[in-house]
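A quick write-up on the structure given underneath.
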Amino acid sequence: MLARDYCDAAGRKLKPVILSHHMLYGLKKGQAKMSKSDPDSAIFMEDAAEDVARKIQNAFCPSESEEIESSAEGMSLIEDELKNPCLDYIRYVLFSREGFSFKTSGKVFDTFEDLKQAFVSGELSEAELKESLTSEVNALLEPVRKHFEEDAVAKELLSKVTEWRRETLTPTSSLVHLRLDLEARPRFVVFAPLPSELVRLADVFEVLNQLRNAKEDQQIVLWLKDWSGRCLGCAGGSVDCVQSYYELLLNGLRTIDPDLMSRVEVCWQGKAILTGPSDYWTSVINAGRQCSLEAIRGSLAEGESLDGASQVIAAIMHLADALALVGGNESQTTFSSSSDAKNLQELAVQHLTRSGLQVPELRYSEMPSLRLKAANEGLEADNQILLTDKDMDVNRKVK
């Protein structure tokens, strides 16, 4: 999608075409797709016959739909209420071969639909299904096994791969997210406004108003979304302009209320990401897998339309930020932001709930507008007091 958006922006007529294919379910209950971190979630090309038999025998195999909490969003191209991995292998591996027929206990099924109907109705038992599936998969893998046994180069290669898998491929259920160097106690997180060309006095007071709502026992964190701002093209997408905006904002905060700011832990998003880029971007990718485009569209501020891929990336970066700020802290966390971010914060809550983490309390700024004129009247720079204004500028605007 990002590549197609780029083609539109660059005026290229020829765009890449996305060809999506079905992704096989993992063999265990709740696995929407196979997992590289779980060796029992899939059949591997080098699996021995007994490994295949064990994995299929232990595989999730429902004959009626069940409520399942899935760990990830899969790539199923059709509606599937059963989410049965055994039927999945039969449909997309066995019946993908031209002229294939599934044979078991004297019964022959020439189409997948007939086989599925027989299984759902009880005519075909789970034991019969798994026994024939095991036999068919092993028959497919047998020529592969012989190749790796009889070819010296292939045998050596398999030995190296097997050793690597033995050392690194262990089941894990840990949630990947950025680890922040913050205190393990109640946390009050204020999300600063996205950067712009103008540093308004109103922005400073809005952030101060939120910071002052923190309780004495809470660690106060001010989160500056500099990389998200650059992604969205805020302040022209300039690194220097984005950084300057936040430095001016911080200077204003420290000048007006130095005592409060001495208690605030200022976190630059970009610097935090660089302490664990692999974990952070993995959490971004995982968030993207679990969010539909409609969910992203719904997370935008009221009146904002989804026009580019940068909005999608910035939204799922916020979900990764939320994971980092909540993960690893058993105490209650509070998220505070402007009311414009309400939809985005609610999407973050949904993501944290899916991830099995504590849901933060959400608070929104109730600051009145400090505009000097009515909305849409005059230039923005003339309607607001800016931190960069000189005395004569303030006098002129107020008069």
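The values are calculated or read from the model by the stated rules, or taken from the named source; none is laboratory data. Remember, it's a predicted structure, so these values are computed and weren't measured experimentally. Don't worry about glycine lacking a Cβ; one is built from the backbone with ideal geometry, like all the others, and counts go over all protein chains shown. All accessible areas refer to the heavy atoms of the entire protein, side chains included, with ligands and DNA or RNA removed. Shrake-Rupley method; radii C 1.70, N 1.55, O 1.52, S 1.80 Å.
For the stretch 15-55, name all the residues that are closer than 22 Å to Pro143 by Cα, without any contact (Cβ under 8 Å) to a residue 60 or more places away in the chain, of a type in the set (A, V, I, L, M, F, W, C) and crowded, with 18+ Cβ neighbours inside 10 Å.
Passing the criteria: only Ala42.
Are any residues in the stretch 9-28 more than 30 Å from Lys55 (Cα to Cα), at pLDDT 85 or above and part of a loop (DSSP other than H, G, I, E, B), and if so, which ones?
Hits for the stretch 9-28 are Gly11, Arg12, Lys13, Leu14, Lys15, Pro16, Val17.
When you scan the stretch 287-308, how many residues do you find that are assigned to a loop (DSSP other than H, G, I, E, B) and out of contact with any helix residue (DSSP H, G or I) (no Cβ under 7 Å at 6 or more places or on another chain)?
To start, the set of residues in the stretch 287-308 that are assigned to a loop (DSSP other than H, G, I, E, B) comprises 291-292, 299-308.
Add one more test, that the residue is out of contact with any helix residue (DSSP H, G or I) (no Cβ under 7 Å at 6 or more places or on another chain), and what stays is 292, 302-305, 307.
The total comes to 6.
Would you be able to say whether some residue in the stretch 205-212 is under 18 Å from Leu260 (Cα atoms), surrounded by fewer than 17 Cβ atoms within 10 Å (Cβ to Cβ), among the charged types (D, E, K, R) and touching a helix residue (DSSP H, G or I) at 6+ places or on another chain (Cβ under 9 Å)?
Looking for residues that are under 18 Å from Leu260 (Cα atoms), surrounded by fewer than 17 Cβ atoms within 10 Å (Cβ to Cβ), among the charged types (D, E, K, R) and touching a helix residue (DSSP H, G or I) at 6+ places or on another chain (Cβ under 9 Å), one finds at least one in the stretch 205-212, hence yes.
Residues to consider are Ser228, Ser238, Ser196, Ser244; find the one that is within 23 Å of the chain's Cα centre (by Cα) and hydroxyl-bearing (Ser, Thr, Tyr).
Exactly one of Ser228, Ser238, Ser196, Ser244 is within 23 Å of the chain's Cα centre (by Cα) and hydroxyl-bearing (Ser, Thr, Tyr), namely Ser228.
Looking at the stretch 247-281, which of its residues are under 26 Å from the mean Cα position of the chain (by Cα) and either closer than 18 Å to Ser337 by Cα or open to solvent by 70 Å² or more (accessible area, probe 1.4 Å) (or both)?
Glu265, Val266, Cys267, Trp268, Gln269, Lys271, Leu274, Thr275, Ser278, Trp281
Mind checking whether some residue in the stretch 355-374 is at pLDDT 85 or above and either part of a helix (DSSP H, G or I) or among the charged types (D, E, K, R) (or both)?
The answer is yes, given that some residue of the stretch 355-374 is at pLDDT 85 or above and either part of a helix (DSSP H, G or I) or among the charged types (D, E, K, R) (or both).
Mind listing whichever residues of the stretch 338-367 are touching a helix residue (DSSP H, G or I) at 6+ places or on another chain (Cβ under 7 Å), closer than 17 Å to Ala315 by Cβ and hydrophobic (A, V, I, L, M, F, W, C)?
Residues satisfying the conditions are Leu344, Leu347, Ala348, Leu352, Leu362.
Quick check on Arg97: is it over 30 Å from Thr282 (Cα atoms), of a type outside the set (Phe, Trp, Tyr) and not in a helix (DSSP H, G or I)?
So Arg97 passes the test.
Looking only at the stretch 355-367, decide whether some residue is under 22 Å from Leu178 (Cβ atoms), within 16 Å of the chain's Cα centre (by Cα) and of a type in the set (A, V, I, L, M).
Yes, that holds for at least one residue.
Could you tell me which of the residues Glu81, Glu64 is at pLDDT 90 or above, loosely packed, with under 14 Cβ neighbours inside 10 Å, more than 30 Å from Asp151 (Cα to Cα) and of a type in the set (Asp, Glu)?
Glu64 is the lone residue from the list that is at pLDDT 90 or above, loosely packed, with under 14 Cβ neighbours inside 10 Å, more than 30 Å from Asp151 (Cα to Cα) and of a type in the set (Asp, Glu).
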